[in-house]
Amino acid sequence: MDGCALTVTLAESLTEVDPSDWDACANPGGAQPALDPFTTWRFLRALEVSRSVGPGTGWEPRYLMVHQGDALVACAPMYVKSHSQGEYIFDHAFAQAYARAGGRYYPKLQVAAPFTPATGRRFLCRAGFEEPGMAALLQAMMQIARNNHLSSAHVTFCTRAEAERAAPQGWLHRVTEQFHWENPGYGSFGDFLAALSSRKRKTIRKERATAQGFGGTIHALTGDDLRPEHWDAFWQFYQDTGARKWGTPYLTRAFFDEVQAHMRDDALLLLAIRNGQPVAGALNFIGRDTLFGRYWGCIEDHPCLHFELCYYRAMDFAIARGLARVEAGAQGTHKLARGYLPSEVHSLHYFPEAGFHRAVARYIDEERRAIAQEMDVMAEYAPFRKTDGGQDG
């Protein structure tokens with residue numbers, strides 16, 4: 001790295017950024033699948049083109065970029081947010097406290113993969129620029145928040161390493177939790193079952209048999225096996241789930257057309273088809289070592305079909321592909337009985353108002369202790385065989 005100074009700029013659209021330049025930061029080395037598909041140019045641009053983000057959505061893109069001369073050496077997917085929807089690291093308590101103190105919490109800054117509770121790099125740096133690139137991005141976010149009198153800046157679902165490097169620079173490191181399934185190298189789903197207690201093995205076998213008795217077939221579709229009509233079906237499922245969970249679905253129909261056109265190889269769509277009609281589906285995205293479960297929906301209710309499509313078929317795919325883990329999305333203690341164990345999730349938060357920053361720091365410290373205790377308790381209820389006393393209950 002030569003001595004040329006770093007400069008920071010903002011872009012309101014990825015049309016202002018060359019895809020290869022962005023992806024040289026988001027996916028150094030260029031190997032596919034990308035380590036994190038959600039920060040690639042193609043994914044973020046799909047959100048833009050489909051108008052899932054942009055005017056009227058509460059997600060206004062302000063992509064943060066660091067250049068050395070003409071070369072893009074670091075970037076971050078940043079948004080000006082006018083609400084706290086679609087983030088999954090909940091800050092509603094912060095917003096309410098800020099308002100009670102007489103402040104205006106929105107707009108705020110958010111570095112995130114929109115609508116995506118999946119851990120990945122948020123400070124995207126070319127190889128060799130990790131330290132100066134991240135430092136420049138962090139300082140720029142803090143300065144933008146201060147200069148524009150914004151309440152706060154947030155970085156959600158970052159890596160642990162990023163969080164630990166940012167904390168000494170004035171950022172609060174928050175720890176929450178999700179449930180992830182880890183693959184130590186299973187050769188088959190049967191190998192996974194063999195690691196469970198006998199009671200849990202029986203339960204999962206019964207659930208799989210019940211689900212597979214729904215009267216149809218289940219198809220795992222990725223790459224060129226995906227066709228436009230599959231997205232027509234999944235859109236129905238997504239609308240139903242989105243309407244029940246959020247009131248209005250976050251993604252537009254056009255987003256799935258963008259996935260079909262530009263991200264087929266990144267997607268795994270599991271469809272349950274009965275009498276020639278898709279009746280349920282689960283959408284996943286494929287990372288280099290992780291399968292990311294994202295959306296589920298159905299137009300018919302069938303016992304255990306949700307577990308089969310969202311959890312067990314995801315495990316099957318991960319084992320077949322040699323993936324190290326499955327991240328099944330936000331929340332859901334019911335995942336524990338199915339082999340998904342509590343895992344830490346990391347985020348960063350900055351409040352220019354010093355008193356409020358200290359108050360949130362106290363809250364986060366207390367929350368971290370509570371999360372750690374909860375994770376310890378839940379680990380005791382994991383479905384795996386006990387190894388210390390030879391019990392197989």
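Given the structure, is PHE157 under 21 Å from the mean Cα position of the chain (by Cα), modelled with pLDDT of 95 or more and not small (Gly, Ala, Ser)? It is true that PHE157 is under 21 Å from the mean Cα position of the chain (by Cα), modelled with pLDDT of 95 or more and not small (Gly, Ala, Ser). The single residue among ASP21, ASP36, ASP2 that is surrounded by fewer than 21 Cβ atoms within 10 Å (Cβ to Cβ) and at pLDDT below 95 turns out to be ASP2.
Going by the conditions given, is SER82 in contact (Cβ under 8 Å) with a residue 24 or more places away in the chain, touching a Phe, Trp or Tyr at 6+ places or on another chain (Cβ under 9 Å), surrounded by fewer than 16 Cβ atoms within 10 Å (Cβ to Cβ) and not β-branched (Val, Ile, Thr)?
On the way: in contact (Cβ under 8 Å) with a residue 24 or more places away in the chain: yes; touching a Phe, Trp or Tyr at 6+ places or on another chain (Cβ under 9 Å): yes; surrounded by fewer than 16 Cβ atoms within 10 Å (Cβ to Cβ): yes; not β-branched (Val, Ile, Thr): yes.
Yes: the conditions hold for SER82.
Checked across the stretch 10-26, the condition of being within 26 Å of PHE179 (Cα to Cα), within 20 Å of the chain's Cα centre (by Cα) and either touching a residue at least 40 places away in the same chain (Cβ under 8 Å) or in a loop (DSSP other than H, G, I, E, B) (or both) holds for at least one residue. When we screen GLY133, GLY170 for residues that are of a type in the set (Gly, Ala, Ser), more than 21 Å from the chain's Cα centre (by Cα) and surrounded by 23 or more Cβ atoms within 10 Å (Cβ to Cβ), the only hit is GLY133. The set of residues in the stretch 106-120 that are surrounded by 22 or more Cβ atoms within 10 Å (Cβ to Cβ) and more than 19 Å from the chain's Cα centre (by Cα) contains only LYS108. Which pairs do you get when a residue that is surrounded by 15 or more Cβ atoms within 10 Å (Cβ to Cβ), found in the stretch 186-199, comes within reach of a residue that is among the β-branched types (Val, Ile, Thr) and modelled with pLDDT of 95 or more, reach meaning Cβ atoms under 6 angstrom, with the pair 6+ apart or on two chains? Final answer for the pair search is TYR186/ILE319.
Which count do you get for residues in the stretch 272-303 that are farther than 15 Å from GLY213 by Cα and of a type in the set (A, V, I, L, M, F, W, C)? Residues flagged as farther than 15 Å from GLY213 by Cα and of a type in the set (A, V, I, L, M, F, W, C) within the stretch 272-303 amount to 9. Filtered by the rule that a residue be among the hydroxyl-bearing types (Ser, Thr, Tyr) and free of Cβ contacts under 8 Å to residues at least 12 places away in the same chain, the stretch 173-185 gives no residues. Entry remark, the stretch 56-79: residues being open to solvent by 40 Å² or more (accessible area, probe 1.4 Å) and more than 22 Å from ALA26 (Cα to Cα) number 1 in total. Close Cβ contacts (under 7 Å, 6 or more residues apart or on different chains) running from residues in the stretch 206-226 that are on the phi > 0 side of the Ramachandran plot to residues that are surrounded by 11 or more Cβ atoms within 10 Å (Cβ to Cβ) and not polar (S, T, N, Q) comprise GLY215/ARG274; GLY223/ARG264; GLY223/ASP265. Test ARG358 against the criterion of being at pLDDT 95 or above, surrounded by fewer than 18 Cβ atoms within 10 Å (Cβ to Cβ), part of a helix (DSSP H, G or I) and of a type outside the set (Phe, Trp, Tyr), and give yes or no. Judged against the criteria, ARG358 is a match. Checking LYS335 against (1) open to solvent by 40 Å² or more (accessible area, probe 1.4 Å); (2) assigned to a helix (DSSP H, G or I), only one condition comes out false. Which one? Going through the list (1) open to solvent by 40 Å² or more (accessible area, probe 1.4 Å); (2) assigned to a helix (DSSP H, G or I), LYS335 breaks only (1).
The values are calculated or read from the model by the stated rules, or taken from the named source; none is laboratory data. The structure displayed is predicted, hence computed values, not measured ones. All Cβ positions, glycine included, derive from the backbone under ideal geometry; neighbour counts span all protein chains shown. Each accessible area value is taken on the protein alone, full model and side chains, heavy atoms only, with ligands, DNA and RNA left out. Shrake-Rupley method; radii C 1.70, N 1.55, O 1.52, S 1.80 Å.
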